[in-house]
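Worksheet: the structure to be examined is printed underneath.
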Amino acid sequence: MAKLILSRRNFLRASAVGASGLALSGCEQFDFLGQRDNPVREMLARANTLTYHAQRLIAADQALARTYAETEIRQGQRPNGSTDPDSADYIALRDSGFAGYRLKVTGLVERELSFSLDELRNMPAQSQVTRHDCVEGWSCIAKWTGTRLGPVLDAAGVKPGARFLVYHCYDKMGGETYYESSDLIDAYHPQTLLAYGLNNAMLPVKNGAPIRVRIERALGYKQPKYVHTLELVESFARFGRGQGGYWPDHGYDWYGGI
Ligand SMILES: Nc1nc2c(c(=O)[nH]1)N[C@H]1C(S)=C(S)[C@@H](COP(=O)(O)O)O[C@H]1N2
Ligand SMILES: [Mo]
């Protein structure tokens with residue numbers, strides 16, 4: 001097994017170096033892929049010859065966020081930011097019990113897809129109890145239930161030029177639409193969910209109904225609520241103010257890792 005991992009690493013190193021012309025100083029650097037601002041992580045995320053199969057191998061290597069027992073849930077998930085979007089299209093959906101909701105997958109994909117809530121709920125479900133950390137200085141342990149994002153992207157077929165996933169939301173903050181983005185390593189992370197359940201109940205409006213994304217190794221503002229579209233892109237420069245998310249546009253770190 002060690003030999004197999006080494007050969008995968010050599011393969012990754014070869015493709016990353018081939019793509020960028022940068023030299024890596026050694027395989028041991030892959031042990032630090034989870035660290036923010038790590039140049040190897042950054043380069044791997046950007047190396048556009050890296051196949052998506054290889055991306056998933058990296059994701060499988062990546063550390064998991066800590067999980068908790070359900071008995072450690074002390075309170076409901078504290079709502080923060082938008083808690084009741086007031087756009088006409090969201091209100092219409094909400095008032096129909098989200099019957100007409102579709103999650104769209106667009107951008108650099110082989111085929112554009114859209115999923116109803118029932119379709120998402122019928123995909124393999126996963127639950128995890130994790131801690132949400134908001135930069136405002138509070139945390140909540142909560143149980144999230146949903147389906148993994150990775151297989152949804154696979155269904156659409158991610159094109160080789162895609163480097164980031166942009167998460168488009170229904171709500172606005174001070175006139176600017178909320179959005180977020182991640183690299184594909186985080187998108188394919190085994191704990192990254194399209195969540196429709198919270199603490200054994202349906203995800204309520206205040207916490208992002210009908211679908212919010214959980215990227216468990218990132219801060220609270222990287223957990224977009226009210227998501228309607230997943231857009232695969234080569235660059236997020238054309239969205240918002242170009243920094244990859246509503247809060248990054250307002251000065252927060254793009255990666256926002258914990
Ligand atoms: N669409 C959208 N997503 C969002 C926000 C928001 O205002 N709008 N706020 C973010 C912030 S700062 C936090 S801490 C969490 C809050 O999630 P919660 O309301 O479920 O606790 O959502 C994040 N995702
Ligand atoms: Mo937050």
Which order results if E216, E72 are arranged by neighbouring Cβ count within 10 Å, fewest first?
-> E72, E216
For segment 206-219, take each phi angle, set θ = phi - 60°, evaluate the Karplus expression 6.51 cos²θ - 1.76 cosθ + 1.60, and give the result in whole Hz per residue in order, putting x for glycine and proline.
-> 4, 9, x, 3, x, 9, 10, 9, 10, 10, 5, 9, 10, 5
Relative exposure of K143, K222, K104, judged by other C-beta atoms within 10 Å (fewest first) = K104, K143, K222
How compact and how long is segment 70-249, expressed as Rg and Dmax of its alpha-carbon atoms in Å?
-> 15.2, 44
What distance in nm separates the simple spin-label points at A92 and E70, each placed 7 Å from Cα in the Cβ direction?
-> 3.8
Mind checking which of F164, G208, G107 is farthest towards the positive end of segment 70-249's charge dipole, using Cβ charges of +1 (Lys, Arg) and -1 (Asp, Glu) about the Cα centre?
-> G208
Evaluated over segment 80-162, the Cα radius of gyration and Dmax, each in Å = 15.9, 41
Ranked highest first by the average count of other Cβ atoms within 10 Å around their residues, in what order do 153-161, 179-187 fall?
-> 179-187, 153-161
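We did not get these values from a lab; they are worked out from the coordinates using the rules stated. Because the structure is predicted, anything quoted here is derived from the model rather than measured. No Cβ is skipped: glycine too gets one built from the backbone with ideal geometry, and neighbour counts run over all protein chains shown.
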